[in-house]
Amino acid sequence: MYFPNRTRALAPRCTRWRTRLAVIATAAILVAATSVAARAAAVPLHDHVIVVVMENKSYDQVRTQPFTASLIATGASFTQYYGVTHPSQPSYLALWAGDVLGLTTNTCPAPGSPYMAENLGHACEVAGIGWRAYSENLGTAGSPACSFDGSASSGLYTRKHAPWTNFGNVSQLNGRPFSDFAADVAAGQLPALAFVVPNNCHNSHNSSTVGCGIPDADGWLAANLPAMITAAGSRGLVILTWDEDDSANANHVLTVFSGGLVQPGAVSNRLVTHYTLVRTICAALGLPSFGQSATEAPIDDVWIQPTAGAGRSWGALKTHYR
C-alpha cells in the first residue's frame, strides 16, 4: 500500500543518513591517511641508505649464520617479513618500484620494458639527490646485457637482479660495477641511495656450486657490510634483505637494519613486506611514496626515539638522538 505523505516524510531523513554516512566514511579515510603520515614522520631522515639484496633463502636458513646473527644482535630485525612473489625478477621490481608491474617471469629483457612507472631511482633524480646501483661482475657501467660470466639464469651477473635496467626514466649510467663502490666512498661521493647486488655466488643464488653456499654468502657479508655501515655514517642506514625464500617457507625472509639511528637489538613483530620497505626508504630519504608502497605505513618501531633540538641546516626541525 502506498502512503505518499509518509514517503515524503522519510525522504529528508534518508538524505540526512546518507550525508552522515558519507561524512563518517570521509573521516575514516582522513584518519587512516593521517595515521600513515604520522608514521612516516616517525622515520628519521637519513643521509644515506644502502640496500644489500641476497638470494633465495628463508628466514630460518640464514638468521643463525655467524655474521648475520651478529648483525641481528646489534641492529633491528623483523620476525614477520615476507617477500611478495616469485621468481627473482618481479621480486626485485617490488624492491625498486613498489610494484611487480604485472611481471611474473625472469625473461630478459623484462616483457613490457622499458617501464616508465615511478621507482626509487627516478624519485631520487626528481628530488635532486644521488643514487647508484653497484653490481658484482657487471661488465660495464650501464650495460643492458642479460648476463656476464655465465648464462642468463646463473651467470655471476644477471640482469634479472638489476631492476633499474628495465626503466626508461632513470640514468642507466648509475648502474655500476661493484668495484666503484669503494672508489665512490674514498672520493666522498657515496650517493644518498645505493643498491648493492652481490654476484650469484656471493648472494648464495648458485648455492649448489662449491664455495657458493649459505656460509660462503655470510662470509661475503662479513667482509663487506662493516665497511658499508661505516661509510653510511652516523645518520646512515644499511638494509640487508633477501629477495625471496627457497619457495618452501611461505616467502618468509630475513631483513636487518643497521645504522646509528636504529635501536640496537630491536625486534619487530609487525607484518611487513618489500612494499613496506620501499615506503620506509622513501620516508628515510624524504621522497614521495609510489606504487603499492604508497598505501603502506612505513616501519616506525625500530628507531631510537628523538628529542626536539635546535634548527637543522636545511630548515627543518632537527632531532638529537639519545
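Take the stretch 149-171 and flag every residue that is within 13 Å of ASN119 (Cβ to Cβ) and without any contact (Cβ under 8 Å) to a residue 60 or more places away in the chain. Even if it seems obvious, please write down each step before you answer.
Here is the first cut: in the stretch 149-171, the residues within 13 Å of ASN119 (Cβ to Cβ) are 162-171.
Once the filter is applied, which keeps residues that are within 13 Å of ASN119 (Cβ to Cβ) and without any contact (Cβ under 8 Å) to a residue 60 or more places away in the chain, the stretch 149-171 yields THR165, GLY168, ASN169, VAL170, SER171.
Here are THR230, THR241: which of them is hydroxyl-bearing (Ser, Thr, Tyr) and in a strand (DSSP E or B)? Can you show your working first?
Numbers: THR230 fails: in a strand (DSSP E or B).
Among THR230, THR241, only THR241 is hydroxyl-bearing (Ser, Thr, Tyr) and in a strand (DSSP E or B).
If you go through the stretch 262-281 one residue at a time, do you hit one that is among the polar types (S, T, N, Q), within 19 Å of LEU71 (Cα to Cα), in a loop (DSSP other than H, G, I, E, B) and in the same structural domain as LEU95 (by TED's automatic domain parsing)?
Of the stretch 262-281, the ones among the polar types (S, T, N, Q) are 263, 268-269, 273, 276, 280.
Subsequent filtering for residues that are within 19 Å of LEU71 (Cα to Cα) retains 263, 268-269.
Checking which are in a loop (DSSP other than H, G, I, E, B) leaves us with 263, 269.
Within this subset, residues satisfying the condition of being in the same structural domain as LEU95 (by TED's automatic domain parsing) are 263, 269.
Among the residues of the stretch 262-281, at least one is among the polar types (S, T, N, Q), within 19 Å of LEU71 (Cα to Cα), in a loop (DSSP other than H, G, I, E, B) and in the same structural domain as LEU95 (by TED's automatic domain parsing), which makes the answer yes.
If I ask for residues that are of a type in the set (Ser, Thr, Tyr) and either in a loop (DSSP other than H, G, I, E, B) or buried (at least 21 other Cβ atoms within 10 Å of the Cβ) (or both), which ones from the stretch 160-213 would you list?
THR165, SER171, SER204, SER207, SER208, THR209
The values are calculated or read from the model by the stated rules, or taken from the named source; none is laboratory data. Because the structure is predicted, anything quoted here is derived from the model rather than measured. Neighbour counts run over all protein chains shown; Cβ positions are idealised from the backbone, glycine included.
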